[in-house]
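A.B. asks: The structure's right below; bear with me while I get my questions together.
The values are calculated or read from the model by the stated rules, or taken from the named source; none is laboratory data. Given the structure is predicted, the values throughout are model-derived calculations rather than measurements. Methodologically, a virtual Cβ is constructed for each residue, glycine included, from the backbone with ideal geometry; neighbour enumeration extends over all protein chains shown. Accessible surface areas use protein heavy atoms only, side chains included; no ligands, DNA or RNA. Shrake-Rupley method; radii C 1.70, N 1.55, O 1.52, S 1.80 Å.
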Amino acid sequence: MTQATLAAPTAADGDVVIASTCRPLPVRRALMVPLSLVLFVVVWEGYKAIGPADGGTILGWKLIPRTNDRAMPHIIDMFRRFNRPEVRGADQRTVLAAVIAATWYSLRLSLFGFVLGVSTGLFLAAVMTRFNLARRAVLPYLVLSQTVPLIALAPITVSWGGKLHLFGFDFQKWMSAALLSAFLAFFPVAVGALRGFSSPKDSSLELLDSYAASWIQGFRKLRFPAAVPYLVPALKLAASLAVVGVVVSEISIGLRFGIGRLIISYYQDGTSDPAKVYTAVVGAIVLGLVMAGLIAIVDRILSRNRPVEASA
């Protein structure tokens, strides 16, 4: 049976509430990814076929993109470029190997920054939930921290980190990118977790008090499970921000080996080899998709014991 219903009388007026437990089929959800890719290819090639080669204007504004091969190469040309050397006429690694290596490097930095940002956000949210004084003191500064441009923080982080030498520890350049990634990732987690930790009803909290439960026990048994619906969207946003933080940091501080630096490097050859630029962009897209897939797995783990009507 693919669909079931659950009926229960409400305590207020005896009305019947019907909640559907039907979920999208896994096969249908899996087909959405290739279908969306096919739709993108159709739109890209369709506009390239009918759009103006030199672009166009609307009310004097240049809003219609160009469709010449330099601005919009064919999709097939992008994929063919993967199997060719990075430098034409040279016996070097292929573009595909370079993009995979750069994506893997940026993925590790994104994961490190994501874990660090999530841990920081959860810790701050727990402290602000426990102490109202901490909430009033810290929350405004959390909001203000997100108004600082990341491109301005990148060189400062590198400069300060280069002077850090403690107990034989030397600050590495890649740590700057990871820290800036965590800087973007922690904010949505802190705000979402704070709202989730504060979501339990007063009656539920009073029940725990009547059992003489400690705050830690109440946090583990009540507050954290109640925060899961708020945490999952926050984690998705944090994952995307972690990727953005790493890519922008790699470009800003000139960090080698990452996909952000590869985009800049390939962009320099964009005039004579436009398809090469988009190969690096594809790597950045794959990086974002991998992070989104990992968060989907975390969502499954956190929601596996929740009622269907609560996680729908």
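A.B. asks: Please work out the average accessible area per residue across the range 31-163, using the 1.4 Å probe convention, and give it in Å².
C.D. replies: 67
A.B. asks: What's the local net charge at V143, with K and R +1, D and E -1, over the other residues with C-beta under 15 Å away?
C.D. replies: +3
A.B. asks: Another question, if that's okay. Counting residues in the range 119-238 as N, plug N into 2.2 N^0.38 Å and put the Cα Rg over that result.
C.D. replies: Taking N as the residue count of the range 119-238, the ratio is 1.31.
A.B. asks: Counting Lys +1, Arg +1, Asp -1, Glu -1, what net charge surrounds A49 among other residues with beta carbon under 14 Å of its beta carbon?
C.D. replies: Value of the local net charge: 0.
A.B. asks: In addition: What's the ranking of 241-250, 65-74, 31-40, 97-106 by average number of surrounding C-beta atoms within 10 Å, highest first?
C.D. replies: Packing proxy ranking, top to bottom: 241-250, 97-106, 65-74, 31-40.
A.B. asks: Something else about it: Sorting check: for 209-218, 127-136, which peptide has the highest mean count of neighbouring beta carbons within 10 Å, and how do the rest follow?
C.D. replies: 127-136, 209-218
A.B. asks: Which whole-number percent of Cα pairs in the range 186-312 have a distance greater than 23 Å?
C.D. replies: Everything past 23 Å amounts to 51 percent.
A.B. asks: Next question, about the same structure. Net charge near P200, counting Lys/Arg +1 and Asp/Glu -1 over other residues with Cβ under 14 Å of its Cβ?
C.D. replies: Summing Lys/Arg as +1 and Asp/Glu as -1 gives +3.
A.B. asks: Please label the shape of the range 49-137 as rounded, prolate or oblate, based on the square roots a ≥ b ≥ c of the eigenvalues of the alpha-carbon gyration tensor (a/c under 1.5 means rounded; beyond that, a/b larger than b/c means prolate, else oblate).
C.D. replies: Oblate shape, in that a/c is at least 1.5 and b/c is the bigger or equal ratio.
A.B. asks: Given a 1.4 angstrom probe, I'd like the percentage of the accessible area of the range 249-296 that is carbon and sulfur, rounded to a whole number.
C.D. replies: Answer for the range 249-296 is 66 percent, counting heavy atoms of protein chains only.
A.B. asks: Where does each of D273, D54, D202 land when they are ordered by accessible area, with a 1.4 Å probe and the largest first?
C.D. replies: D54, D202, D273
A.B. asks: Determine the equivalent ellipsoid of the range 194-243 by diagonalising the alpha-carbon gyration tensor, then write out the semi-axes as square roots of 5 times the eigenvalues, largest first, rounded to whole Å.
C.D. replies: The three semi-axes for the range 194-243 are 28, 10, 6 Å.
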